[in-house]
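Undergrad: Below is one structure. I have some questions about it.
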Amino acid sequence: MIKALAPTRIDLAGGTLDMPPLFLFHEFGLTINIAIDLYAEVTLEEVEGEGGDFEFYSKDLDSREQYGSIEEMKNKPKGTLELLTRTVGYFEPKKALRVTTDIHLPKGSGLAGSSALMIALVGALNHHTKRGLSKPEMLTIAKSIETQLIKVPTGFQDYYPALYGSLTFLWLTVRGNKREEPSLKKEFLDELQEKLILVYTGEPHFSGTNNWQIFKDHIDGNKEVIQTMQNIRQTAEKMRKALLAEDIDRFADVLNEDWENRKRLSPGVTTDQIESLITVSKEHGARAARVCGAGGGGCMVVLAKDDPDELKEVLKKNGARILDYRFDYKGLTIEEI
């Protein structure tokens, strides 16, 4: 049996600009995120005997599918688990497999669960089939298959924390993508981890919807969207400087600035519930708050000024769910068990 784990992420600045070719319209893009230990998990087992069926089970979706062959998998009407069947179909393993998956997150969290799942699945299948793919090659395959499925443009940023872990500054340029991993003091990262509260708002979201509207508006020449995207890139540069300086006060200011920029992109980025939670958190001493991912629901982060436990209790009383996490510094892991 092969087991693969890939971390999800909290995005901190520069999101949406990682969708090609948008970053090219702004000279370059910069996206910042950090991996967390709420994992996407994949296990692969060969089905014993000749002529066995391919079996798929998603624990988080509570869904099962079964196919007699790769050909049947490719030709039958697509089911709930198309992300899994498409990927297995691409690798064409010689023997039937039992594929079990789980994403340790609420559905529609905005923490890149589906992208982490793709990295875990591609990594497991690469190991099983002995393809010998490099990490950049695995990233390309994962992103391409997910784009085929959701049928709207997808960005690059979500696959990097799943592969590499840690804090990522992702530069998107005419020469391609470059990942920068800064070396920050453990004490600063520990403080950031303690003070940065991860909150599920109770409202799931679909990232493709907001991102596709923003993408279309940008291509159509919407001046406000174009200027806001430029502001988002500049804010990401400020975030990088704040993190390199290990300045948590500046980090808080930039996190707030990024959220104000994101709200200007589309009315669907925020909701009444999100605004209510942000308001109550700041009334109780939060330094900053921002929705994760494309917004419209899912998760948000709240930066506590002092004791995070008091703020967590306030948020829970107002309908939020606190997700306990730690930063992940390993990225994709694969083991035979």
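Undergrad: Any chance segment 29-45 includes a residue that's assigned by TED's automatic domain parsing to the domain that holds residue 119 and farther than 30 Å from residue 179 by Cα?
TA: Initially, segment 29-45 is screened for residues assigned by TED's automatic domain parsing to the domain that holds residue 119, giving 29-45.
Now restrict to residues that are farther than 30 Å from residue 179 by Cα: 45.
There is at least one residue in segment 29-45 that is assigned by TED's automatic domain parsing to the domain that holds residue 119 and farther than 30 Å from residue 179 by Cα.
Undergrad: Sticking with this structure for a sec: Given the conditions (1) out of contact with any Asp or Glu (no Cβ under 7 Å at 6 or more places or on another chain); (2) closer than 18 Å to residue 115 by Cβ; (3) not aliphatic (A, V, I, L, M), report the number of the one that residue 102 does not fulfil.
TA: All conditions are met except number (1).
Undergrad: Pick out the one residue from 5, 12, 24, 38 that is in contact (Cβ under 8 Å) with a residue 24 or more places away in the chain, more than 20 Å from residue 301 (Cα to Cα) and either among the β-branched types (Val, Ile, Thr) or buried (at least 17 other Cβ atoms within 10 Å of the Cβ) (or both).
TA: Details: 12 fails: more than 20 Å from residue 301 (Cα to Cα); 24 fails: either among the β-branched types (Val, Ile, Thr) or buried (at least 17 other Cβ atoms within 10 Å of the Cβ) (or both); 38 fails: more than 20 Å from residue 301 (Cα to Cα).
Matching residue, one of 5, 12, 24, 38: 5.
Undergrad: Still on this structure, please answer the following. With assigned to a loop (DSSP other than H, G, I, E, B), closer than 19 Å to residue 251 by Cα and of a type in the set (Asp, Glu) as the only criterion, which of 306, 324 stands out?
TA: Checking each option against the conditions leaves just 306.
Undergrad: Now for a separate question. Against the definition (of a type outside the set (Phe, Trp, Tyr), assigned to a helix (DSSP H, G or I) and at negative phi), how does residue 99 come out, yes or no?
TA: no
Undergrad: Turning to a different aspect of this structure: Scan segment 180-208 and report the pairs whose first residue is over 21 Å from residue 312 (Cβ atoms) and assigned to a helix (DSSP H, G or I) and whose second residue is modelled with pLDDT under 95 and β-branched (Val, Ile, Thr), with Cβ atoms within less than 7 Å and a gap of 6+ or a chain change.
TA: 208/150; 208/152
Undergrad: May I pose another question? Considering each of 282, 330 in turn, give the residue that is among the charged types (D, E, K, R) and in a helix (DSSP H, G or I).
TA: 282
Undergrad: Out of segment 54-112, which residues are within 23 Å of residue 156 (Cα to Cα), touching a strand residue (DSSP E or B) at 6+ places or on another chain (Cβ under 6 Å) and among the polar types (S, T, N, Q)?
TA: 101, 109
Undergrad: Let me ask another. State which residue pairs qualify: first residue closer than 12 Å to residue 303 by Cα and inside segment 248-273, second residue among the aromatic types (Phe, Trp, Tyr) in any location, beta carbons under 8 Å apart, and separation of 6 or more residues or different chains.
TA: Between residues of segment 248-273 that are closer than 12 Å to residue 303 by Cα and residues that are among the aromatic types (Phe, Trp, Tyr), the close pairs are 248/188.
Undergrad: Right, residue 94: assigned to a helix (DSSP H, G or I) and either under 30 Å from residue 223 (Cα atoms) or not assigned by TED's automatic domain parsing to the domain that holds residue 229 (or both) or not? Full working, then the answer.
TA: Numbers: assigned to a helix (DSSP H, G or I): no; either under 30 Å from residue 223 (Cα atoms) or not assigned by TED's automatic domain parsing to the domain that holds residue 229 (or both): yes.
Criteria not met by residue 94.
The values are calculated or read from the model by the stated rules, or taken from the named source; none is laboratory data. Predicted, not measured: the structure shown is a model, and the values here were computed from it. Note that each Cβ is placed from the backbone with ideal geometry, even for glycine, and that neighbours are counted across all protein chains shown.
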